[in-house]
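The values are calculated or read from the model by the stated rules, or taken from the named source; none is laboratory data. As the structure is a computational prediction, the values presented were derived from the model and not from experiment. For neighbour counting, all protein chains shown are included, and Cβ atoms are generated from backbone atoms with ideal geometry for every residue, glycine included.
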Ligand code: SF4
């Protein structure tokens with residue numbers, strides 16, 4: 001059976017060529033064709049010998065993803081619903097920022113983490129995505145942008161799924177998108193977001209690339225966090241903060257804490273002060289995010305006044321923070337919402 005060539009890191013492709021008695025540098029040439037010129041046929045790789053092309057065609061496919069649906073928001077946010085080869089659906093979101101085009105990618109089909117406010121966790125995890133399926137999300141969006149001579153400048157692994165629950169594949173994905181003669185997404189322009197898988201935060205501190213780490217915190221105390229995020233029962237806040245301290249000590253990199261403001265749940269002044277206490281002295285940044293409401297969930301977006309009051313408390317106590325704008329609210333940009341709706345329609 002043929003392999004999806006996008007599953008291969010440069011090291012793995014080099015090994016493949018060595019094993020097939022080919023020159024190892026063929027791997028960098030193929031990588032350039034795949035990621036810089038984004039060809040979809042081995043025959044277009046004009047500097048590769050014919051017999052090598054034949055061998056590649058025999059062993060690999062250059063696949064793409066079917067676009068099951070695409071929605072464009074008034075603010076330019078673009079949501080793709082992709083159908084995988086096995087018929088499963090995943091979401092990818094392109095967000096337009098003043099600093100560039102950022103793509104939020106999915107790492108698993110569904111998610112087992114069970115955060116109560118999230119549509120993605122409702123149906124549980126079906127399977128991990130392969131490296132190639134993650135790469136293809138980026139390539140499909142980039143090929144769309146190629147029509148207007150734009151490029152993806154940032155990647156966040158923050159879509160459906162918990163990236164550290166699919167650790168090896170996500171790390172291989174990061175190496176491929178970062179490859180300088182390919183998509184060339186700078187490591188500092190890539191962020192991986194975890195809900196707090198402590199052993200993997202520690203392991204990630206030793207990862208070769210200077211990729212950013214974000215922690216989906218969403219509550220400043222264990223009582224509250226365990227109510228809204230099941231994972232907190234396994235890895236309580238204290239352990240997460242210890243792991244983050246270790247990560248910062250090893251990497252000297254600032255960590256982002258994501259905090260979705262849920263009306264009357266975690267948006268009080270007391271919560272803001274608890275958050276200040278928890279994070280003070282840590283080399284970190286807090287991203288306050290408005291909640292994208294989901295019809296199947298009782299949770300509501302906090303008011304503008306409460307969001308601003310929360311933000312003001314963090315600032316007053318010298319915590320680095322931003323109050324983020326909502327992206328694509330008119331196209332169901334909440335993680336997993338479009339997928340859940342399409343699955344219901346197809347039942
Ligand atoms: S918020 Fe993230 S980790 Fe939590 S259930 Fe949703 S996809 Fe999973």
With criteria (1) in contact with a strand residue (DSSP E or B) (Cβ under 6 Å, 6 or more places away or on another chain); (2) not in a helix (DSSP H, G or I), residue 166 comes up short on (2)
Yes or no: region 119-136 includes at least one residue that is surrounded by 14 or more Cβ atoms within 10 Å (Cβ to Cβ), assigned by TED's automatic domain parsing to the domain that holds residue 164, within 16 Å of the ligand (Cβ to nearest atom) and more than 18 Å from the chain's Cα centre (by Cα).
yes
Can you spot a residue in region 50-57 that is touching a residue at least 40 places away in the same chain (Cβ under 8 Å) and out of contact with any helix residue (DSSP H, G or I) (no Cβ under 9 Å at 6 or more places or on another chain)?
no
Going residue by residue through region 220-230, is there one that turns out to be at positive phi and either under 23 Å from the mean Cα position of the chain (by Cα) or not assigned by TED's automatic domain parsing to the domain that holds residue 114 (or both)?
no
Given the condition at pLDDT 95 or above, within 14 Å of the ligand (Cβ to nearest atom), touching a strand residue (DSSP E or B) at 6+ places or on another chain (Cβ under 8 Å) and outside any loop (DSSP other than H, G, I, E, B), answer yes or no: does some residue in region 137-159 qualify?
yes
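Conditions tested, residue by residue: (1) more than 16 Å from the ligand (Cβ to nearest atom); (2) in a helix (DSSP H, G or I); (3) over 30 Å from residue 8 (Cβ atoms).
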residue: 202; (1), (2), (3): yes, yes, no
residue: 207; (1), (2), (3): yes, no, no
residue: 210; (1), (2), (3): yes, no, no
residue: 238; (1), (2), (3): yes, yes, yes
residue: 241; (1), (2), (3): yes, yes, yes
residue: 245; (1), (2), (3): yes, yes, yes
